[in-house]
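S.K.: A single structure is presented below for examination.
The values are calculated or read from the model by the stated rules, or taken from the named source; none is laboratory data. Everything quoted here is computed from the prediction, not taken from an experiment. We place every Cβ from the backbone using ideal geometry, glycine too, and count neighbours over all the protein chains shown.
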Amino acid sequence: MNPVIDFTNLVAVLVWLAGLGAIVATNWLFGKLLAGFAWWNNLPKWVKYIVPPVFAVGIAFGSQYMLTQPDFLTTVSPYFATIVTILLGYFGSQSAHLRTKELAKPGVVINAVQSADKLQRSAVKHGFVPK
């Protein structure tokens with residue numbers, strides 16, 4: 001079995017979301033996206049314990065249902081690859097932009113240089129590289 005998902009293929013994405021993908025998508029949504037919002041963090045623990053698995057089941061069932069709708073698949077599939085490619089390109093460029101801005105801060109560059117210097121001294125000390 002090939003574990004690589006073709007995210008430009010609607011049927012492949014729906015099959016993935018109908019199984020393990022539902023858990024992956026839910027973990028990303030609740031772990032990365034909602035964790036940054038105070039209203040989510042202030043909810044009682046039992047709510048944060050129950051809502052993600054229920055949401056994952058909803059994603060899985062919804063994806064499975066969409067797979068049984070040939071009209072939906074026929075209509076949306078031709079546009080899906082274009083939409084996904086545009087979104088991935090946009091979010092990828094934004095991620096790279098944020099990382100570049102973070103690395104441009106003086107303290108970050110100094111810390112990176114200091115870390116490299118410390119690593120070099122450690123390698124020399126333990127005999128991995130000559131003095």
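S.K.: Restricting the first residue to the range 67-93 and requiring it to be free of Cβ contacts under 8 Å to residues at least 24 places away in the same chain, which pairs with a second residue that is surrounded by 10 or more Cβ atoms within 10 Å (Cβ to Cβ) and assigned to a helix (DSSP H, G or I) meet a Cβ separation below 7 Å and a spacing of at least six or different chains?
M.R.: Correct list of pairs: Phe72/Met66.
Listed here are the residues, each with its yes/no results for (1) of a type outside the set (Lys, Arg); (2) exposed (fewer than 11 other Cβ atoms within 10 Å of the Cβ); (3) at pLDDT below 90.
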position	(1), (2), (3)
Val4	yes, yes, yes
Val15	yes, no, no
Trp46	yes, yes, no
Tyr65	yes, no, no
Gln69	yes, no, no
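S.K.: One residue is enough: does the range 82-97 have a residue meeting the conditions more than 20 Å from the chain's Cα centre (by Cα) and exposed (fewer than 12 other Cβ atoms within 10 Å of the Cβ)?
M.R.: Scanning the range 82-97, I find no residue that is more than 20 Å from the chain's Cα centre (by Cα) and exposed (fewer than 12 other Cβ atoms within 10 Å of the Cβ), so the answer is no.
S.K.: Do we find a residue being small (Gly, Ala, Ser) and within 24 Å of Asp6 (Cα to Cα) anywhere in the range 75-84?
M.R.: Yes, some residue in the range 75-84 is small (Gly, Ala, Ser) and within 24 Å of Asp6 (Cα to Cα).
S.K.: Test Phe30 against the criterion of being among the aromatic types (Phe, Trp, Tyr), surrounded by 15 or more Cβ atoms within 10 Å (Cβ to Cβ) and not in a helix (DSSP H, G or I), and give yes or no.
M.R.: No: the conditions fail for Phe30.
Okay, residues lined up against (1) assigned to a loop (DSSP other than H, G, I, E, B); (2) closer than 23 Å to Phe91 by Cα:
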position	(1), (2)
Ala25	no, yes
Leu43	yes, no
Val47	no, no
Val51	no, no
Ile59	no, yes
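S.K.: Can you confirm whether the range 58-72 contains a residue that is within 17 Å of the chain's Cα centre (by Cα) and among the hydrophobic types (A, V, I, L, M, F, W, C)?
M.R.: Yes: one or more hits.
S.K.: Looking only at the range 33-44, count how many residues are of a type in the set (Gly, Ala, Ser) and either surrounded by 10 or more Cβ atoms within 10 Å (Cβ to Cβ) or closer than 22 Å to Leu17 by Cβ (or both).
M.R.: Result for the range 33-44: 1.
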